[in-house]
Every structure is written in C-alpha cells, then in structure tokens.
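Only the coordinates and a few stated rules stand behind these numbers; no lab work does. Predicted model only: the values in this text are computed from it and were never measured. Backbone-built Cβ (ideal geometry, glycine too); neighbour counts: all protein chains shown.
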Amino acid sequence: MPDRQPSPEGAPTGAARRFTPPSGRPRDISAPRAGCGVVADKATSTGAPAWGRRRVLLLNATFEPLTALPLRRAIVLIVCGKAEVVHGDAAGLVLHSATSSVVVPSVIKLRRFVRVPYRARVPMTRAALMHRDRYRCGYCGGRAETIDHVVPRSRGGQHCWENCVACCSRCNHRKADRLIVELGWRLRVVPRPPRGRHWRLLAAEPEADPLWLPYLGEQVA
C-alpha cells in the first residue's frame, strides 16, 4: 500500500514507520517516495522528540554556527547537495527514500561559504540568559529555575542583560522587590551581555543538542 503524505502541519499520517533491526544495525525510518521529502514521525517509545520538532545545527563551510533548522529542511539541503552531515543522530537513525538513504543528522555543514550580516547586540531571551549563567543562581550558586531583575522593575530596573541573572526559586522569593544592598547580598558574577555569533542561535534554542556544544563555544559546554 503506498504511503500517505503528511498533513500541512507536519502531523504524521502513517507514512513514517519505525522497527527494531537486528542487533548492531541502525534503526530505519521509512520516508515517502519523493525526491527531497521527509515525513514527520511521532515521538518514539524511548522519548525522542517528534520529527516535526527536531532541530539540526547548520554550520557555515568554515564550521561557524549559523542557525538551527527543522529536520525536514536539513534533509532537503543534504539530498540536494548543498550540505553534508557532520554528526549523525546519536541513536543511529536512517531515513530511506525510493532510491537512497540518509543518516538523520544532528549537525550539518554547508558545502559553500555564505556571508551573513552580523549584529553585535544579542537579543536577551530566557534560554540565552540561562546558558550565559550556566543554569546557576546569580546569588547563591544553586540550580537556577527562573530569571530575576537585580534592580526590580518596580524600582526602575530595566529588562536587559546587565540587570538580569538566573535565579533559584528560593532566592527569588526572598529577594522579592528589594535591592541586594538592602539584603546584604552580592552578585557572584557581574552580569554582562554575551559576545559571539553562536549566542544569537542560543537565544532561540531552549535546549541545545550535546553534539552542538563543540561548535557553540567553550562557555556553553
């Protein structure tokens, strides 16, 4: 029976299938019989993310990180010869079409260098700030769960890199809308804007694949 095409939203309609192969061989995911297509799949029984939400790190030809692509777009670049796989999926998944097979990628690299505009100021997001502070509270060093404004917004503080730190729920509750001088606290590290092009990518990615970290700078590893 021929495979059905996925819905516009990328929801699976039975086209993608997963099976358990003989020991030692990669697991296979059947793709539709199309030139550069790939089908979204449901989350696997091991808890892997749904195909429609998987992201792939795209590197320039110089191995500079550019952006994170949807899996479908990454496969199109590979099949059409515009990019090559640098790191495959840690689980060893393989996509099959009628005429070829492609390793499910985690990191891909463009075959030709592209020049991209560079903006110095990195947008501040929760994901990027947590990466900057390594998920550690700016006051006690414990595991951070939220973001705190050093100078509270209610007292004129701004929502910017220099006035925000990762914070644990305990310190956040104790501090409330007070200044740290009023509590006798000190910041572990003076908050500053991060520098580097990879931070722009991290600003949009809540969680980075461990295979991405060597390309995103030592400070986020």
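Annotations
- Packing around the peptides 139-145, 182-188, taken as the average count of other Cβ atoms within 10 Å per residue, puts them in this order, highest first: 139-145, 182-188.
- Peptide ranges 163-172, 108-117 listed from the most packed, as the mean C-beta count within 10 angstrom indicates: 163-172, 108-117
- Take the Kirkwood radius over Cα pairs of the stretch 72-174, plug it into Stokes-Einstein at 37 °C and 0.692 mPa s, and you get 189 µm²/s for translational diffusion.
- Charged side chains reduced to their Cβ positions (Lys and Arg at +1, Asp and Glu at -1) give the stretch 126-183 a dipole of some 140 debye around its Cα centre.
- Each label point was placed 7 Å from the Cα along the Cα-to-Cβ direction; for Cys140 and Arg174 their separation is 0.5 nm.
- Binned Cα-Cα distances of the stretch 126-183, short to long, each 5 Å bin given as a whole percent: 4, 22, 32, 26, 13, 2
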